[in-house]
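What follows is a single structure, written as structure tokens, with notes after it.
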Amino acid sequence: QLQLKESGGGLVQSGGSLRLSCVAARYTLDYYDIGWFRQAQGKEREGVSCISRTGGSTNYADSVKGRFTISRDDAKNTVYLQMNSLKPEDTAVYYCNARAVLSNYWGQGTQVTVSS
């Protein structure tokens with residue numbers, strides 16, 4: 001089973017930046033589309049960004065467009081989410097998701113807290 005682990009979360013002031021990482025173990029990520037999701041307390045999990053298997057296509061939620069950048073480094077078996085100009089409303093647990101045709105895997109999440 002593919003194993004994913006997120007890291008890079010933490011506490012940052014409004015306007016600051018964080019870089020999240022999603023590292024895969026056991027198998028490589030090159031067969032998967034990768035998405036970043038987040039879930040704030042008391043709210044539904046929402047999609048933040050995704051990147052295609054080849055890295056040739058990316059997508060962003062309107063709320064983060066222009067501030068977040070998703071990328072992948074297949075040599076390191078890692079997907080990144082660079083988050084700039086962070087806002088308090090970005091506070092959530094961020095999850096990495098790897099999706100293939102018949103499989104879907106999630107990491108355990110990493111907490112991002114943005115203070116005002």
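The values are calculated or read from the model by the stated rules, or taken from the named source; none is laboratory data. None of these values were measured; they are calculated from a predicted model. FYI the Cβ positions are ideal-geometry reconstructions off the backbone, even for glycines, and counts take in every protein chain you see. Surface accessibility is based on the protein's heavy atoms, side chains included, excluding ligands, DNA and RNA. Shrake-Rupley method; radii C 1.70, N 1.55, O 1.52, S 1.80 Å.
Looking at L102, is it more than 16 Å from G15 (Cβ to Cβ) and either open to solvent by less than 60 Å² (accessible area, probe 1.4 Å) or in a loop (DSSP other than H, G, I, E, B) (or both)?
yes
What is the number of the single condition among (1) over 23 Å from V114 (Cβ atoms); (2) open to solvent by 80 Å² or more (accessible area, probe 1.4 Å) that R72 does not meet?
Evaluating R72 over (1) over 23 Å from V114 (Cβ atoms); (2) open to solvent by 80 Å² or more (accessible area, probe 1.4 Å) leaves (2) as the failure.
From the list L11, L81, L2, which residue is aliphatic (A, V, I, L, M), over 13 Å from the mean Cα position of the chain (by Cα) and buried (at least 17 other Cβ atoms within 10 Å of the Cβ)?
The match here is L2.
On the basis of being touching a residue at least 40 places away in the same chain (Cβ under 8 Å), in a loop (DSSP other than H, G, I, E, B) and closer than 18 Å to G10 by Cβ, does L86 make the cut?
Considered against the rule, which asks whether it is touching a residue at least 40 places away in the same chain (Cβ under 8 Å), in a loop (DSSP other than H, G, I, E, B) and closer than 18 Å to G10 by Cβ, L86 comes out as yes.
Please work out which residue is nearest to K76 (Cα to Cα), limiting yourself to region 31-50 and to residues that are open to solvent by 60 Å² or more (accessible area, probe 1.4 Å) and not in a strand (DSSP E or B).
Y31
State yes or no: is A61 farther than 20 Å from Y105 by Cβ, more than 11 Å from the chain's Cα centre (by Cα) and either open to solvent by less than 80 Å² (accessible area, probe 1.4 Å) or without any contact (Cβ under 8 Å) to a residue 40 or more places away in the chain (or both)?
Answer is yes for this residue.
If you check G56 against the conditions, is it modelled with pLDDT of 95 or more, open to solvent by 60 Å² or more (accessible area, probe 1.4 Å) and small (G, A, S)?
No; evaluated as a whole, the condition is false for this residue.
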